[in-house]
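The values are calculated or read from the model by the stated rules, or taken from the named source; none is laboratory data. Since the structure is predicted, the reported quantities are computational estimates derived from the model, not experimental observations. Positions of Cβ are generated from backbone atoms using ideal geometry, with glycine treated the same way; all protein chains shown enter the neighbour counts.
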């Protein structure tokens, strides 16, 4: 694993509340690849991905190559990834630094006990171990956890 | 942690392919609570949750109580949970036992490298540490990973 920035757990904004994290983990994750995006720094990322945003690449570890069979048939994918730079101990947070706090489970901030992000993306194509998509908003190099076809309950009929 | 059924990693259906799992995990998860549903066994669960399905309860660990502030304002939530009974090594699988195999990332089967399930649910209400919702399909006692407001790209305007 490459080195990542370690969040400073003592740096709270006004009104924010952190808790002691549990003493151990309950389950483990495998990073199945990396996400390549145009955004090198977190502050460069768009606030939310757009279906007409730039093409990003999901680079899949060779171990999982066969699991990509059939992915090219899905017009939309759900992508799960790991926000490895986010602290995990905040229960009340102030993303806008405006003194107003929100419960962590009431917002989609990356700061949460399990910083798993979920995005729905448009498939551009699959070539070897690379899945190209539009609609992501994460920093370049973000660890990939999963991809699966998306069936949004409110989506128009897919032909 | 309570005991769970350990999947048999050698039992492959015709055409299925498993791979050696990585030697270690890349990140760890905290179970933030449990999901209570009417379905005691996996074979009793509906194939997919429905917005008019039975009310299920997300029971949140007291550690995270303050993170629930504001959750009651969200008409729809995304719930992430851990399919702790699913094997993780299959890249080609045959969920219908019909000899036809599919790449793991081309379907939403719980069997995948990181068995994280994602469901969009309708909020019924929040009372103390319990969030009641409709739209889940998992077995009673499933470990909860996260909840956050859902903004589906194709949803009708929420008043």
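Only residues that are in contact (Cβ under 8 Å) with a residue 12 or more places away in the chain and part of a loop (DSSP other than H, G, I, E, B) were counted in the range B:20-29, giving 2. Filtering the range B:120-134 to residues that are in contact with a strand residue (DSSP E or B) (Cβ under 7 Å, 6 or more places away or on another chain), more than 9 Å from every other protein chain (Cβ to nearest Cβ) and buried (at least 18 other Cβ atoms within 10 Å of the Cβ) leaves B:121, B:122, B:123, B:133. Residue B:93 meets the conditions (1) free of Cβ contacts under 8 Å to residues at least 60 places away in the same chain; (2) farther than 21 Å from residue B:146 by Cβ; (3) touching a helix residue (DSSP H, G or I) at 6+ places or on another chain (Cβ under 9 Å) in every case but one. The failed one is (1). Can you spot a residue in the range A:31-44 that is modelled with pLDDT of 95 or more, assigned to a loop (DSSP other than H, G, I, E, B), under 27 Å from residue A:129 (Cβ atoms) and within 8 Å of chain B (Cβ to nearest Cβ)? Yes, the range A:31-44 contains a residue that is modelled with pLDDT of 95 or more, assigned to a loop (DSSP other than H, G, I, E, B), under 27 Å from residue A:129 (Cβ atoms) and within 8 Å of chain B (Cβ to nearest Cβ). Looking across the range B:69-103, just one residue is assigned to a helix (DSSP H, G or I) and more than 8 Å from chain A (Cβ to nearest Cβ), and that is B:72.
Results for (1) touching a residue at least 60 places away in the same chain (Cβ under 8 Å); (2) buried (at least 20 other Cβ atoms within 10 Å of the Cβ), shown as yes or no for each residue.
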residue: A:48; (1), (2): yes, no
residue: A:63; (1), (2): no, no
residue: A:67; (1), (2): no, yes
residue: A:71; (1), (2): yes, yes
residue: A:79; (1), (2): yes, yes
residue: A:99; (1), (2): yes, no
residue: A:107; (1), (2): no, no
residue: A:118; (1), (2): no, no
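For the range B:40-63, a residue qualifies if it is touching a strand residue (DSSP E or B) at 6+ places or on another chain (Cβ under 6 Å) and more than 19 Å from residue B:136 (Cα to Cα), and exactly one does: B:61.
Exactly one residue among B:23, B:28 is modelled with pLDDT of 95 or more, at the interface with chain A (Cβ under 7 Å from one of its Cβ atoms) and loosely packed, with under 15 Cβ neighbours inside 10 Å, and that residue is B:28.
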